[in-house]
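Worksheet: one structure, shown below.
The values are calculated or read from the model by the stated rules, or taken from the named source; none is laboratory data. The structure displayed is predicted, hence computed values, not measured ones. All Cβ positions, glycine included, derive from the backbone under ideal geometry; neighbour counts span all protein chains shown.
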Amino acid sequence: MITISFYDDPSHGIPELPAAAWVRNRPAPRLRAPAAHRVCRRAVRLPAGRVQRGRRAGGGGLDDRVRAYGPAAGHVRAVQLRQLPVGAARYGGAAPDGRRGATRAAPGRAARRLSAGLAGGAAALPGGRLRLGLPGPRAASGQPGAGAGGRRMTKWLGIALGLLTAIGGFVDVAALATAAEAGAKFQLSLVWPFLLGTLAIIVLLEMAGRYASVSKQPYSGAIRQHLGFKYYLLPLGACLIANTLMLPAELGGMAVALSLVLGVNWFVLYPVAAVFVWLCAWFGSFKTIENGPALLGLVTLAFVAGVIALGGPRPQLLTTLWHPDVAGQVPGYLFLAAAILGAIISPYLVVFYSSGAREEGWSRASLGVNRVTAVVGMAFGCVAALGILTLSAMTLGPMHVQAGTLGEVALSLARPFGAPGAYLFAAALFVTCWGASLEITLAMSYNLSQGFGWGWGVDRPHRAAARFRLTMLLFLALAFCVGLLGLDPLTLTIYASAVTALVLPISLLPFLVVMNNPKYLRDKVNGRAGNIAAVAVIVLAFLIAIVSLPLFLVTGGQA
């Protein structure tokens, strides 16, 4: 019995094996290996002279991929090969060249080491070294092995990037506009919709990420597969209507941000924003699209810094948390609450999140990353949104500014930071609208492509996902034409949030069916607590939809 192991760590104190020591076609005598040869307790031990082969790795010959039995430690990959007698390795036996009878070679060839795979061919384990399982340094019992630190660092880096992505996806122009208007008009009395909406989106994203990780399918494809094509057309149409209003608002927000810096009318800069989003979506990789706006989106924490710089809210302002002053403004108060919930619980964010999980190749091992990203990431986004609301209540409310335009919202940062505050607001507005524009554009392309069974993926070659790219282009063109009507971005945002709230039940109802199918989720289906949370979110969505249209008609879309 003998164990052959690949080690990622070249510093292991075990001698390398010459290439000449291995042959393919000759049987090997049975060798006895002492117990000291067991370098790792989890290494696989196979009888000498047997080879378990899998699919060919493309190199042929001795580079066939070898499949070992059972699991192995992360830094040890054990395989079993035929071995010549010890004398062959000691005195320079030859490695085969793939021809029958070719078992001899010049002695000088025996000195060549196996550093790029078996017999020097295309390496299945690049950079690995083939070593005999002799005694050598190893980790103590219960301690991580040589590669554990790097894997742990990579995992935490992935979580950190996921958190930043969540921050960038949470605060868009809709959340910014509704938060600023809520603070300016109703002080802190509309904090509760942000907290409630954050809990709801955490539940939805965790479920969407779990389904995508375990079943290897995105949420949009799951709707069609579980409920049929006819039902799939309902949430698709609802998302198309809502996103056709939301994307022009995001593009308009980018144009307004540029106008605050350049002093040019925002409508002139509107085509520039649309072309910039198209270039990023068309030529950027998924990692660039995901992490670029998210990293820059940290500038939204300037609102939290502004609250701290002003010393925090005064006691009389804090009382509005539990004693709102809404005399004569109840319809506007309720309409704004529904708009806030519609802005936070966005179906496009669920579609983008589940599709992004597939783009990054999440699996069952990524469930912890998914949970942390959904919970902590959205919590950070909520903190940024509450910073906007609180700062508006502290600055715009006393000045009786209603935050009716994005230019008025910029005044909230001008008080704690002076003139640089306007540039901070412009940067925050541009980055959040840029990230949301990319997410909405890709979400519509994901939704349509997955439902119709087309090839999709940002990192796929354009020819392999041609209809995915065409959908992206056509949807951007449609949203651009809607924006040319000249509607103010803030007004368009309020309308889009109301429409989103109206169509929420259609988009969220499939969660109950999708997340309880053991055929796809096996042991990761919803438990009792998960189903209760899903039902609560869906009931909330129905309530929002029921009150949104009457409130919109009563208030005329004005809070």
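Let me spell it out: the conditions are (1) within 23 Å of Leu424 (Cβ to Cβ); (2) in contact with a Gly (Cβ under 9 Å, 6 or more places away or on another chain), and Gly253 meets all of them except one. Which number is the exception?
(2)
Can Gly356 be described as assigned by TED's automatic domain parsing to the domain that holds Ala182 and assigned to a helix (DSSP H, G or I)?
Against the criterion (assigned by TED's automatic domain parsing to the domain that holds Ala182 and assigned to a helix (DSSP H, G or I)), Gly356 qualifies.
Do the conditions hold for Gly263, that is, is it in the same structural domain as Leu473 (by TED's automatic domain parsing) and touching a residue at least 24 places away in the same chain (Cβ under 8 Å)?
No; evaluated as a whole, the condition is false for this residue.
Given the structure, is Thr441 more than 22 Å from Ala305 (Cβ to Cβ), of a type outside the set (A, V, I, L, M, F, W, C) and under 24 Å from the mean Cα position of the chain (by Cα)?
yes
Quick check on this structure: which one of Tyr333, Tyr348 is under 21 Å from Leu490 (Cα atoms), among the aromatic types (Phe, Trp, Tyr) and either buried (at least 24 other Cβ atoms within 10 Å of the Cβ) or in contact with a Cys (Cβ under 6 Å, 6 or more places away or on another chain) (or both)?
Being under 21 Å from Leu490 (Cα atoms), among the aromatic types (Phe, Trp, Tyr) and either buried (at least 24 other Cβ atoms within 10 Å of the Cβ) or in contact with a Cys (Cβ under 6 Å, 6 or more places away or on another chain) (or both) holds for just one of Tyr333, Tyr348, which is Tyr348.
Within 29 Å of Met378 (Cα to Cα), modelled with pLDDT of 90 or more and aromatic (Phe, Trp, Tyr), is that true of Phe267?
no
Cβ-Cβ below 8 Å, separation at least six or inter-chain, first residue in the range 404-416 and β-branched (Val, Ile, Thr), second surrounded by 17 or more Cβ atoms within 10 Å (Cβ to Cβ) and outside any helix (DSSP H, G or I): which pairs?
Note: pairs meeting the criteria are Val409/Leu396; Val409/Ala403.
Which count do you get for residues in the range 371-384 that are under 24 Å from Gly284 (Cα atoms) and either touching an Asp or Glu at 6+ places or on another chain (Cβ under 7 Å) or at pLDDT 85 or above (or both)?
1
Determine which member of the set Leu176, Leu190 is farther than 20 Å from Tyr446 by Cβ, in the same structural domain as Ala533 (by TED's automatic domain parsing) and modelled with pLDDT under 90.
Leu176
Please tell me if Gly368 is assigned by TED's automatic domain parsing to the domain that holds Gln450 and without any contact (Cβ under 8 Å) to a residue 12 or more places away in the chain.
So Gly368 passes the test.
Among all residue pairs at least 6 apart or on different chains, which show Cβ distances below 7 Å where the first residue, located in the range 429-443, is under 11 Å from Glu290 (Cα atoms) and the second is modelled with pLDDT under 90 and small (Gly, Ala, Ser)?
Cβ pairs passing all conditions: Gly435/Gly168; Gly435/Gly169; Gly435/Ala294; Gly435/Gly297; Glu439/Gly169.
Within the range 509-542, work out how many residues are in a loop (DSSP other than H, G, I, E, B) and over 12 Å from Tyr211 (Cβ atoms).
Qualifying residue count for the region: 2.
Exactly one of these conditions fails for Ala501: (1) under 27 Å from the mean Cα position of the chain (by Cα); (2) over 20 Å from Val330 (Cα atoms). Give me its number.
Condition (2) is where Ala501 drops out.
Okay, residues lined up against (1) assigned to a loop (DSSP other than H, G, I, E, B); (2) under 26 Å from the mean Cα position of the chain (by Cα):
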| position | (1), (2) |
| --- | --- |
| Gly381 | no, yes |
| Met399 | yes, no |
| Gly407 | no, no |
| Ala414 | no, no |
| Pro420 | no, no |
| Ala427 | no, yes |
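Counting only residues that are touching a Pro at 6+ places or on another chain (Cβ under 9 Å) and not in a helix (DSSP H, G or I), which one in the range 441-498 is surrounded by the most Cβ atoms within 10 Å (Cβ to Cβ)?
Looking at residues that are touching a Pro at 6+ places or on another chain (Cβ under 9 Å) and not in a helix (DSSP H, G or I), I get Trp456.
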